[in-house]
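Worksheet: one structure, shown below.
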Amino acid sequence: MRLGRTNCSAPRIAGRGTARAAGRSPRRKGRGWAAVTLSVAVAMLTVFAPTAGASSGFAVYTNERGTDTPGLQQYGAVKSTVVYDYFALTCDTDGCYSNGGALPTEAAYESKVKDYMSAGQFGGGATAPVVLDFENIVLTALSGKAATNAFNLWKQLITWTHAAAPSAPVGMYGYDSSNVNNSLTQQLHENGLFDFFSPRAYRGSSQTDAAWTSTLDASVANDHSLAAGQPIYPYISPSWDGSPGGAYMSGGTWGYTIDQLKAKTDGAVVWEPSANDASACNWVAQNAYEMGVLAGTPSSGPLTATATPPSGDCTVPRGTTTDVPVTITNTSGSTTAATQMQSFTGRSGFSGSWKYWSVPSLAPGAKFSTTLPLAVASSQSTSTALLHIRTGLSDTRWAVVVK
């Protein structure tokens, strides 16, 4: 896929899973997932339900593969599939081709769709969306007989995708703000073909909120005009321009992006995200918060926990134990009863035992300090983790980043 497409599974769609072409990320080649040292972004998080949007109706999907991925499903996102253009499809006035030659057989095509859905690739479930990322034959980029030939090829490919993934909704990554060949695109969303829209919605590093919002609004309006009842799941990325391994946008920009999508669409697909170092901390923390809001399970209780690793940013090395100072603050307007720190719980690969367990009665605004020797296993497999700091009166979520 290219930058900026959204791919979320539609709760209402009887369909398929999202797949991406031959191992490339939207508009770029596949993102390498370099091994990262575990850095812990100890940002207070809201609690996430198993499915993001379970409370809000806004679905969040994630396209992740390889090692050291952020593991956004732990926050509530759902793994989905993107099918990349493995067959190098093109169309001209004379016909359509694969790598300049004969088109793939139905068996070869369906085998590749199933491969992208497999655990070795994106691992999208049987009912998760499947997004077709065949950008060289998108109808908005073609004209005349070439567009007609591509339209007929799309109908065949969509039918084969449904056969390969009979329980998954199927959609196409595209540039939906353009209305070129709208009449043909509309037909692809009828008669049991496409089930949802996945427009490109990546943020440009030099793009203002207003400019990005204008493009999103045009995509949404065009999609509604073509198939008003179908869900819209734009493609987004925490990296500017959707560039794999590129600079991360700020937490504020990520929050604005999610707010706009919640107001105007049915969900989003986060495309091959990463969290390589401390520069990812702000978006990881903001995403953790947003997902908690979507799931309707934010941090709770009168006592709020804050934690700052010795590094001063959010990083803690994998394969060692780091003493993390933790402060418990009474943020309510009433004095709290004495309580205790609860056994530390989090994802597999993280453990620790509190230095001081007993939390005294705290007046409004009063604080209590303790230390958590946070052990991170060398085998810890994702580059972020959702953890919990609990007392008998409260539950605070942290986002941890593995560097």
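The values are calculated or read from the model by the stated rules, or taken from the named source; none is laboratory data. On a predicted model such as this, the values are computed, not experimentally measured, just so you know. Glycine gets a Cβ as well: all are built from the backbone with ideal geometry, and neighbour counts include every protein chain shown. Heads up: the accessible areas ignore ligands, DNA and RNA and are worked out on the full protein's heavy atoms, side chains in. Shrake-Rupley method; radii C 1.70, N 1.55, O 1.52, S 1.80 Å.
Pro166 meets the conditions (1) surrounded by fewer than 19 Cβ atoms within 10 Å (Cβ to Cβ); (2) assigned to a helix (DSSP H, G or I) in every case but one. The failed one is (2). Of the residues making up the stretch 69-98, just one is in a helix (DSSP H, G or I) and either open to solvent by 50 Å² or more (accessible area, probe 1.4 Å) or within 22 Å of Ser167 (Cβ to Cβ) (or both), namely Gln73. Scanning the stretch 190-216 for residues that are among the charged types (D, E, K, R) and surrounded by fewer than 13 Cβ atoms within 10 Å (Cβ to Cβ) turns up just one, Glu190.
What residue, of Ser250, Ser219, is buried (at least 17 other Cβ atoms within 10 Å of the Cβ), out of contact with any His (no Cβ under 6 Å at 6 or more places or on another chain) and polar (S, T, N, Q)?
Residue meeting the stated conditions: Ser219.
Being part of a loop (DSSP other than H, G, I, E, B) and either of a type in the set (Val, Ile, Thr) or without any contact (Cβ under 8 Å) to a residue 40 or more places away in the chain (or both) is the filter; apply it to the stretch 296-312 and report the residue that is least open to solvent (accessible area, probe 1.4 Å). Let's see the steps before the verdict.
Restricting attention to the stretch 296-312, the residues satisfying the condition of being part of a loop (DSSP other than H, G, I, E, B) are 296, 298-299, 301-302, 308-312.
Next cut, either of a type in the set (Val, Ile, Thr) or without any contact (Cβ under 8 Å) to a residue 40 or more places away in the chain (or both) only: 308, 310, 312.
Details: Thr308: 77, Pro310: 94, Gly312: 60 Å².
Filtering the stretch 296-312 for residues that are part of a loop (DSSP other than H, G, I, E, B) and either of a type in the set (Val, Ile, Thr) or without any contact (Cβ under 8 Å) to a residue 40 or more places away in the chain (or both), the one least open to solvent (accessible area, probe 1.4 Å) comes out as Gly312.
Looking for something open to solvent by less than 20 Å² (accessible area, probe 1.4 Å), out of contact with any helix residue (DSSP H, G or I) (no Cβ under 8 Å at 6 or more places or on another chain) and assigned to a loop (DSSP other than H, G, I, E, B) - is there at least one such residue anywhere in the stretch 145-157? Among the residues of the stretch 145-157, not one is open to solvent by less than 20 Å² (accessible area, probe 1.4 Å), out of contact with any helix residue (DSSP H, G or I) (no Cβ under 8 Å at 6 or more places or on another chain) and assigned to a loop (DSSP other than H, G, I, E, B), which makes the answer no.
Number of residues in the stretch 308-333 that are under 16 Å from Thr370 (Cα atoms) and of a type in the set (A, V, I, L, M, F, W, C) equals 3.
Rundown of residues vs (1) farther than 17 Å from Val269 by Cβ; (2) open to solvent by less than 20 Å² (accessible area, probe 1.4 Å), yes/no style:
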position	(1), (2)
Gly100	yes, no
Asp115	yes, no
Ser118	yes, no
Gln121	no, no
Gly124	no, yes
Ala128	no, yes
Val131	no, yes
Phe134	no, yes
Leu142	yes, no
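When the stretch 222-247 is filtered for residues that are buried (at least 18 other Cβ atoms within 10 Å of the Cβ) and either touching a residue at least 60 places away in the same chain (Cβ under 8 Å) or charged (D, E, K, R) (or both), the ones remaining, listed by number, are Asp223, Gln230, Pro231, Ile232, Tyr233, Pro234, Tyr235, Ile236, Ser237, Asp241, Gly242, Pro244. Scanning the stretch 368-385 for residues that are crowded, with 21+ Cβ neighbours inside 10 Å and of a type in the set (Ser, Thr, Tyr) gives Thr382, Ser383, Thr384. Among the residues of the stretch 386-401, is any surrounded by fewer than 18 Cβ atoms within 10 Å (Cβ to Cβ) and without any contact (Cβ under 8 Å) to a residue 12 or more places away in the chain? Among the residues of the stretch 386-401, not one is surrounded by fewer than 18 Cβ atoms within 10 Å (Cβ to Cβ) and without any contact (Cβ under 8 Å) to a residue 12 or more places away in the chain, which makes the answer no. When each of Gly124, Gly66 is tested for being in contact with a Gly (Cβ under 7 Å, 6 or more places away or on another chain) and either closer than 30 Å to Pro298 by Cα or outside any loop (DSSP other than H, G, I, E, B) (or both), the lone residue that passes is Gly124.
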